[in-house]
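Some notes on the structure that comes next.
The values are calculated or read from the model by the stated rules, or taken from the named source; none is laboratory data. In this text, all values refer to a predicted model and were calculated from it rather than measured experimentally. All Cβ positions, glycine included, derive from the backbone under ideal geometry; neighbour counts span all protein chains shown.
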């Protein structure tokens, strides 16, 4: 049997899968308990998203094309010095 990931929840008595899946008897499983999202975690996620947007916003200081800022290749190997 191949390794797969299934999502589900604990209903207070047993673990229920979100979608039906045929598991043979005595199939070994690993269960990962995911903590509830707290307001502190949500605040950190929002801050992280904002920081990434600030770092990689529309005005990129480091364009993919070095010639767009007038730099010239340092060596004939194709390595660009910015």
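If the condition is being out of contact with any strand residue (DSSP E or B) (no Cβ under 9 Å at 6 or more places or on another chain) and part of a loop (DSSP other than H, G, I, E, B), then segment 30-42 contributes 30, 32, 34, 35, 36, 37, 38. From the list 6, 45, 52, the lone residue that is surrounded by 10 or more Cβ atoms within 10 Å (Cβ to Cβ), modelled with pLDDT of 65 or more and not in a helix (DSSP H, G or I) is 6.
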